[in-house]
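The values are calculated or read from the model by the stated rules, or taken from the named source; none is laboratory data. This one's a predicted model, so the numbers in the text were calculated from it and none came from an experiment. Glycine gets a Cβ as well: all are built from the backbone with ideal geometry, and neighbour counts include every protein chain shown. Calculation scope for accessible area: heavy atoms of the full protein, side chains included, ligands and nucleic acids excluded. Shrake-Rupley method; radii C 1.70, N 1.55, O 1.52, S 1.80 Å.
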Amino acid sequence: MSTDTARRDASELELAELEQYLASIDVPKFHARQIFQWIYRRGETNFEAMTDLGRELRSQLARELVVDTPALVKRERSEDGTAKLLLQLADGQYIESVFIPDTPSQTFCISTQVGCAMRCAFCLTGKMGIVRNLTAGEIAGQVRVLVRELQMQGQRFNIVLMGMGEPLHNYDATMKALRILGDEHGLAVAPRRITLSTVGVLPALERLATEPFMPNLAISLHSTTEDQRDLLVPINRKYGLKELLDACRRFPLKRRNRITFEYVLLKDVNDSPEDARRLVKLLHGIKAKVNLLPLNEAAGIPFERPADDRVNRFAQILAERGVTVSVRRSRGRDIRAACGQLITESSRQRTPGRQLATMME
Ligand code: SAH
């Protein structure tokens, strides 16, 4: 981490921007590819150590550039192998990133904001409110730290944007981070290995539909009626269920690809057989699969997790009607790394996050 303002932060740059920058300081731009390889494939952030660059060039780059990287503050390991990293950003804010070992692939769950503005009624992160957006470098930097800490250089992994924050509420930085992570000279993460999960910020969803680098899409639906969704996912008051599903119908999907609909199951709220049947109807005509998330309970969350047989019945109704359905086994609950459980205290004094953490002690 650096507080150096004179030097340019290379972690914020896409390859083309790094090329431009090098050209502007009279360094041949082809070196950008080498630098990208060092930073992303080999995890090297010290320019002096980039040994295939000439010695003078290395010193010049070290004078001109830094590679800001979130600092690892704490690493927790769950009984099930899930790892949660607490990271500190240059301005002292904290975020969390999670590694899930076998889903069946290895998956990184990363954050896009400090806190979240969406305030979904069952989500702990939402209780923090929004503190700030992450930059593209901070979003992509989480992946660099995860690869380094889990020693996964050269290995395949998936990325889900399901940590703290609403990715479509921080659109530009999120998409730029995906381009950085996807660059063939860096980590080269294919878009089909990335899933962007959203409550459905409609204008941003329409923009996403036009992106050349297109991740998989997951929609946090959680309800089958406008009135109930208004309460559970407050942004529904602005961008309603019907409009959201219409946008999903129009969303361009590659062959054999489908939109995932996430549905958190809340006991006696949205978990009845009628809810399941309504969900089937709503999804009619959409290439969809459903991921059921039995609530991860937490202090301060005024809902309960339904019993397993209730969850199974809900899943069965979908399956019988031809909807592909899975139930998300929650991972890392013992270290509060599961969905909707990411919350950090700010280093600054009385942010909403700190107030809540204090309340919960
Ligand atoms: N903001 C994005 C991504 C973050 S959360 C979104 O809402 O899609 C990833 C998933 O976890 C979302 O579907 C979210 O609704 C769900 N979730 C939030 N709190 C949860 C909880 N307590 N139990 C289970 N799932 C939860």
Residue by residue, what Karplus-based ³J(HN,Hα) values in Hz, rounded to whole numbers, does the stretch 172-189 have, using 6.51, -1.76 and 1.60 with θ = phi - 60° and x for Gly and Pro?
5, 5, 5, 5, 5, 4, 5, 5, 4, 5, x, 4, 5, 8, x, 6, 6, 6
With both bridge residues required to lie in the chain, what share of the DSSP beta bridges run antiparallel, to the nearest 5%?
40 percent
Once you have the alpha carbon radius of gyration of the stretch 18-72, what is it after dividing by 2.2 N^0.38 Å, with N set to its residue count?
1.07
Can you list the residues, at least 5 places off or on another chain, whose amide H is less than 5 Å from the amide H of residue 194, using H built in the peptide plane?
159, 216
Which three extents, in whole angstrom, do the alpha-carbon atoms of the stretch 197-282 cover along their principal axes, largest first?
42, 28, 18
Loop-exposed trypsin sites (Lys or Arg not before Pro) per DSSP, neighbour cap 12 Cβ within 10 angstrom, longest uninterrupted part of the chain:
1-155
Which parts of the stretch 159-201 would a label at residue 42 reach, counting a residue when its backbone N lies under 18 Å from a point 7 Å out along Cα-to-Cβ?
184-188
With Kirkwood's inverse mean 1/r over C-alpha pairs for Rh, give me the Rg to Rh ratio of the chain, two decimals please.
0.99
Roughly how many Å² is the accessible area per residue of the chain, as a whole number, for a 1.4 Å probe?
45 Å²
Using a 1.4 Å probe on the protein heavy atoms only, what accessible surface does residue 269 show? Give it in Å² to the nearest 10.
50 Å²
Per residue, the convex hull enclosing the alpha carbons of the stretch 86-132 has a volume in Å³ of 91 Å³
Report, to the nearest whole %, how much of the accessible area of the chain belongs to carbon and sulfur atoms, 1.4 Å probe, protein only.
47 percent
Find out how many positive minus negative residues lie around residue 185, taking Lys and Arg as positive, Asp and Glu as negative, among other residues whose Cβ is under 15 Å from that of residue 185.
-1
Can you compute the equivalent ellipsoid semi-axes for the stretch 99-175, i.e. the square root of 5 times each eigenvalue of the Cα gyration tensor, sorted largest first and rounded to whole Å?
24, 14, 10
Using a Debye calculation, one point per C-alpha and no hydration shell, please list log10 I(q)/I(0) for the stretch 230-352 at q = 0.10, 0.11, 0.23 Å⁻¹ in order.
-0.38, -0.46, -1.43
Just the isolated ones, please: cysteines in the chain lacking another cysteine beta carbon under 4.7 angstrom.
109, 116, 248, 339
Can you pull the Rg over Rh of the stretch 1-113, Cα-only, Kirkwood?
1.05
Which residues make up the longest stretch of the chain that has no chymotrypsin sites (Phe, Trp or Tyr not before Pro) in a DSSP loop with at most 15 other Cβ atoms within 10 Å?
31-212
Provide the three semi-axes, in whole Å and in decreasing order, of the ellipsoid equivalent to the stretch 91-220 as defined by the square roots of 5 times the Cα gyration tensor eigenvalues.
22, 17, 14
For helix 308-320, report the angle its Cα long axis makes with the longest principal axis of the Cα atoms of the chain; keep it between 0 and 90° and round to the nearest 10°.
90 degrees
For residue 188 and residue 211 in one chain, what is 0.36 nm times their gap in residues minus the Cα-Cα distance, to one decimal in nm?
6.6 nm
Per residue Cα convex hull volume for the stretch 48-154, in cubic angstrom?
133 Å³
